[in-house]
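A.B. asks: Input: one structure, supplied below.
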Amino acid sequence: MTTATERATIPVTGMTCAACSARIQRTLERTPGVASANVNLMTNSATVEFDPAAATLDSLVATIRDTGYGAELPRPVTGAGEEETADELRLATERRVLRRKVVVSLVIAALAMLIGVPLGEAAAAQGAADPLMHLMMPLGDVLRAVAPGLFRVSADTWRWTLLALTLPVVFWAGRHFYVRAWAAARHRGADMNTLVAVGTGAAFLFSLAMTIGAPFFLARGVEPHVYYEAVTWIIALILLGNYLEARAKGRTSAAIRKLVALRPDTAHVMRGGEVVELPLGQVRTGDQLLVRPGETIPVDGVVLEGTTSVDEAMLTGEPTPVAKQPGSPVTGATLNRAGAFRMRATRVGPDTVLAQIIRMVREAQGAKAPIQQLSDRIAAVFVPTVIVLALITFATWYLVGPEPRVVRALAAAVTVLIIACPCAMGLAVPTAVMVATGRGAERGVLFKGGNILQRAAELDVVVLDKTGTITEGRPAVTAVRSAGAGTEAAIVLHAAALERMSEHPLGEAIVAAATERGLTIPAVETFQVFPGKGVVGVVDGDGVLAGNRALFADWGVDSTVLHEAADALAHLGATPVLVAIGGAAAGVIGVADPVKPTSRAAVAALRALGLEVIMLTGDARGTAESVARQVGIDRVVPEVLPEHKRDVVQRLQGEGKVVGMVGDGLNDAPALAQADVGIAIGTGTDVAVEAGDVTLMRGDLAGVPEAVRLARRTLRVIKQNLFWAFAYNVVGIPVAAGVLYPVFGILLTPTIAAAAMAVSSVSVVTNSLRLRRA
């Protein structure tokens, strides 16, 4: 018996790099009762699937906290956007605390720099100071002119003053670096906090030893150099980088915030014959609501009274108003443009379309793209490798470097530790995915994850189902051709009697034609459906067939007399429905499904992107080719039975092609699931939407090229981010180690390394934000 698992998303705080999220994920995966875990750096969350009999939410939160990071129990969600609002408040609080630490640290670092000038001048005169002090000489001249007394204070006094200033930066502003580094060490791990803690900790302890033991070192002819100003600047600049990064990351979730902002706070509810304004959370399914012109529709429902036009740009990305009348469905968060109307609520709270869109976007932003596996693998060994390189750097400078060797060796090793940036690698992929999925949602294109974005960018072929995808999906009878003595009325009447029992769109069109002609449709005595072929039954004692040539062949009815008329109708783009009455061919009904106005332009856009476009349909070749000509498609696969659509996709994949399938119907679901990227028209069946990897909220093909373009641009940005992140570390670490010093005399300082590290992370996030304009 399989144990039922539960799924929960736990807010996590304190993650700064890919190594952080990877360590939390590994710890959770090793926890008894956890089936799977996915920790996302961008959304600051851990999605865990677990067995409630073996693990609880409290124990999972405790496990995360034990690794050195913050975690909270997930809040119960009762409405659209509540989870996002809570997250935004939590992140805003974190940013305020971080901003306070940045300001205090920068002020102290500036003071430490000023105090360090008198100390640095003496050290520079001996050729042993931080190389940055040579750049500070002009400031020293200014200070000497303005406050000459500073240069008469003893070096020992300045060292103790610097120590006093550095203590709050290390033990308050930068405390979390050391706490998390220790937690990582206890779990035999390492991350960015480890690099910062080891680098600044080594410099601080070295300086502390020099301060306390200054008489001891002076007595032996060793100048007690200190690096307090470097420690304060490193922590201040890294905190500044973290703050700028947090602000930029906040902008990547702007799309979700916009969606949440669409939700009104109140609704006008009919209670006891009166209209009462109630908080949105108090609206229940079945309530009757009044929506006035200019108001946002509060929940999903159906119009009971009144006519209006509604701006559904929230759903489709298109601002064209849609007419609504009694019986029309309306969606919460869309805008009522014209008249007032009364509606009945059918979905409220987390069940509304808005809540589902927000949930899909959030889940998509948490799903990893395959390309991220590269940065995850590198991040797993990055920090230990950097620590080894820092030790090698220290040993090299100590053994062959100029005097004072210990001081220079320590400075070079600290610079290597500080300049190394796993953050940029960790942010390269998820920032781009987060911005792209949000931008897609604004345009009515919903991706189910970063993996879908990557696959969509790699598509070679797009297969389009015809009915409801290329065409409107609302066919109508355009012609009736009789053979022999059968009258047009008799043909339509007998076919309608059978088709009334069917749910096929062509059948609905024939029933509608009989009704429009004022015919009384008789009852059916027996009825059978043959998918992909047609329907068979007995009407008024006569055996009746309505379908294609394959159906006639199966039942031994000669359809030759109907072929000419059927071919002529097919050439005009109509689907011929052959009708037999009493075992003889009676006539042909032509049913045409008009092409959607945007289909031709969408196909042209797909072909302009270099994609092969194929139309898939159960229609006869003549009808299929006629529709294909109208929209500019060259390759058609006609007469495909519903159960064989999946086989067509498989054959294309067997040719080594990456296949996207676009459909909207129940019979498209297997093909959508089989395709590398299943694209479901959002106006189609729930099964099709569920099977799809991408959902188009608009009811046409215009979103397909948009999705491909966005996916390709996202992949380009991801590759740019990864290149920058890797190139930065490949170039920065050797320069920090001093490879340029013997030839050019260039040696980075820990302070410059901290600034470069901050710029690296912020640049990656900023590059991803360009996708907001895609």
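A.B. asks: Looking at the range 650-678, which of its residues are in contact (Cβ under 8 Å) with a residue 60 or more places away in the chain, within 22 Å of Ala608 (Cα to Cα) and surrounded by 24 or more Cβ atoms within 10 Å (Cβ to Cβ)?
C.D. replies: Across the range 650-678, the qualifying residues are Val659, Gly660, Met661, Val662, Gly663, Ala675, Val677.
A.B. asks: Does Val299 satisfy the condition of being at pLDDT 90 or above, among the β-branched types (Val, Ile, Thr) and in contact with a strand residue (DSSP E or B) (Cβ under 8 Å, 6 or more places away or on another chain)?
C.D. replies: Here the answer is yes, as Val299 does meet what is asked.
A.B. asks: Taking the range 219-236 as the search range and keeping residues that are in contact with a helix residue (DSSP H, G or I) (Cβ under 9 Å, 6 or more places away or on another chain), in a helix (DSSP H, G or I) and open to solvent by 30 Å² or more (accessible area, probe 1.4 Å), which one is modelled with the lowest pLDDT?
C.D. replies: By that ranking, first place goes to Glu229.
A.B. asks: Working only within the range 700-714, note down all residues that are part of a helix (DSSP H, G or I), small (Gly, Ala, Ser) and farther than 12 Å from Ala436 by Cα.
C.D. replies: Of everything in the range 700-714, just one residue is part of a helix (DSSP H, G or I), small (Gly, Ala, Ser) and farther than 12 Å from Ala436 by Cα, namely Gly703.
A.B. asks: Moving to a separate point now. Could you please give the count of residues in the range 456-502 that are among the small types (Gly, Ala, Ser) and closer than 16 Å to Gly534 by Cα? Give the steps one after another, and end with the answer.
C.D. replies: Looking only at the range 456-502, we keep the residues that are among the small types (Gly, Ala, Ser), and these are 456-457, 468, 473, 476, 479, 482-486, 489-490, 495-497, 502.
Next, only the ones that are closer than 16 Å to Gly534 by Cα stay: 495-497, 502.
Residues flagged as among the small types (Gly, Ala, Ser) and closer than 16 Å to Gly534 by Cα within the range 456-502 amount to 4.
A.B. asks: Give all pairs with beta carbons closer than 8 Å in which a residue from the range 512-531 that is assigned to a loop (DSSP other than H, G, I, E, B) meets a residue that is modelled with pLDDT of 90 or more and polar (S, T, N, Q); count only pairs at least 6 apart in sequence or on separate chains.
C.D. replies: What qualifies is Ile521/Thr515.
A.B. asks: Further question on the same structure: So, of the residues in the range 394-420 that are more than 41 Å from the chain's Cα centre (by Cα) and not in a helix (DSSP H, G or I), which turns out to be nearest to Phe206 (Cα to Cα)?
C.D. replies: Among them, the one singled out is Pro404.
A.B. asks: Under the condition of being in contact with a Ser or Thr (Cβ under 7 Å, 6 or more places away or on another chain) and not charged (D, E, K, R), which residue from the range 698-724 is nearest to Gly449 (Cα to Cα)?
C.D. replies: Checking each candidate, the answer is Val717.
A.B. asks: Can you tell me which residue in the range 1-30 is farthest from the chain's Cα centre (by Cα), limited to those that are within 18 Å of Arg377 (Cα to Cα) and among the small types (Gly, Ala, Ser)?
C.D. replies: So, considering only residues that are within 18 Å of Arg377 (Cα to Cα) and among the small types (Gly, Ala, Ser), the one farthest from the chain's Cα centre (by Cα) is Ala19.
A.B. asks: Tally time: how many residues in the range 177-196 are crowded, with 24+ Cβ neighbours inside 10 Å, at pLDDT below 85 and not charged (D, E, K, R)?
C.D. replies: Of the residues in the range 177-196, 6 are crowded, with 24+ Cβ neighbours inside 10 Å, at pLDDT below 85 and not charged (D, E, K, R).
A.B. asks: Report, ordered by the first and then the second residue, all pairs with beta carbons closer than 7 Å, sequence separation of six or more or different chains, a first member in the range 439-451 that is closer than 13 Å to Ile679 by Cα and touching a residue at least 12 places away in the same chain (Cβ under 8 Å), and a second member that is of a type in the set (Val, Ile, Thr) and open to solvent by 10 Å² or more (accessible area, probe 1.4 Å).
C.D. replies: As it stands, the answer is Gly444/Thr316, since those pairs meet every condition given.
A.B. asks: Let me ask something additional. For the range 431-450, which residues satisfy the criterion of being more than 27 Å from Gly656 (Cα to Cα), among the basic types (Lys, Arg) and not in a helix (DSSP H, G or I)?
C.D. replies: Result: Arg443, single match.
A.B. asks: Consider the range 548-578. How many of its residues are among the acidic types (Asp, Glu) and touching a strand residue (DSSP E or B) at 6+ places or on another chain (Cβ under 7 Å)? I'd like the intermediate steps shown before the answer.
C.D. replies: Of all residues in the range 548-578, those among the acidic types (Asp, Glu) come to 554, 558, 564, 567.
If we keep only those that are touching a strand residue (DSSP E or B) at 6+ places or on another chain (Cβ under 7 Å) as well, we get 558.
Count: 1.
A.B. asks: Another question, then. With respect to Arg474, determine if the residue is under 25 Å from the mean Cα position of the chain (by Cα) and open to solvent by 10 Å² or more (accessible area, probe 1.4 Å).
C.D. replies: Criteria not met by Arg474.
A.B. asks: Across the range 726-739, what is the total count of residues that are assigned to a loop (DSSP other than H, G, I, E, B) and open to solvent by 50 Å² or more (accessible area, probe 1.4 Å)?
C.D. replies: Within the range 726-739, residues that are assigned to a loop (DSSP other than H, G, I, E, B) and open to solvent by 50 Å² or more (accessible area, probe 1.4 Å) number 1.
A.B. asks: Is there any pair linking a residue in the range 330-355 that is touching a residue at least 40 places away in the same chain (Cβ under 8 Å) and more than 10 Å from Ser309 (Cα to Cα) to one that is open to solvent by 50 Å² or more (accessible area, probe 1.4 Å) and of a type in the set (Gly, Ala, Ser), with Cβ under 8 Å and at least six apart or on different chains, and which?
C.D. replies: Final answer for the pair search is Gly349/Gly281.
A.B. asks: In the range 544-634, which strands (runs of 3 or more DSSP E) lie fully inside it and hold 1 or more residues that are touching a residue at least 40 places away in the same chain (Cβ under 8 Å) and surrounded by fewer than 19 Cβ atoms within 10 Å (Cβ to Cβ)?
C.D. replies: Answer list for the range 544-634: 584-592, 612-616.
A.B. asks: Can you tell me which residue in the range 473-511 is nearest to Ile589 (Cα to Cα), limited to those that are free of Cβ contacts under 8 Å to residues at least 60 places away in the same chain and not in a helix (DSSP H, G or I)?
C.D. replies: Selected residue: Thr487.
A.B. asks: Also: With assigned to a helix (DSSP H, G or I), modelled with pLDDT of 85 or more, open to solvent by less than 10 Å² (accessible area, probe 1.4 Å) and not basic (Lys, Arg) as the only criterion, which of Leu453, Leu391 stands out?
C.D. replies: Exactly one residue qualifies, and that residue is Leu453.
The values are calculated or read from the model by the stated rules, or taken from the named source; none is laboratory data. Predicted model only: the values in this text are computed from it and were never measured. Counting neighbours? That spans all protein chains shown, and the Cβs are built from the backbone with ideal geometry, glycine included. Ligands, DNA and RNA are excluded from the accessible area calculation, which covers all protein heavy atoms including side chains. Shrake-Rupley method; radii C 1.70, N 1.55, O 1.52, S 1.80 Å.
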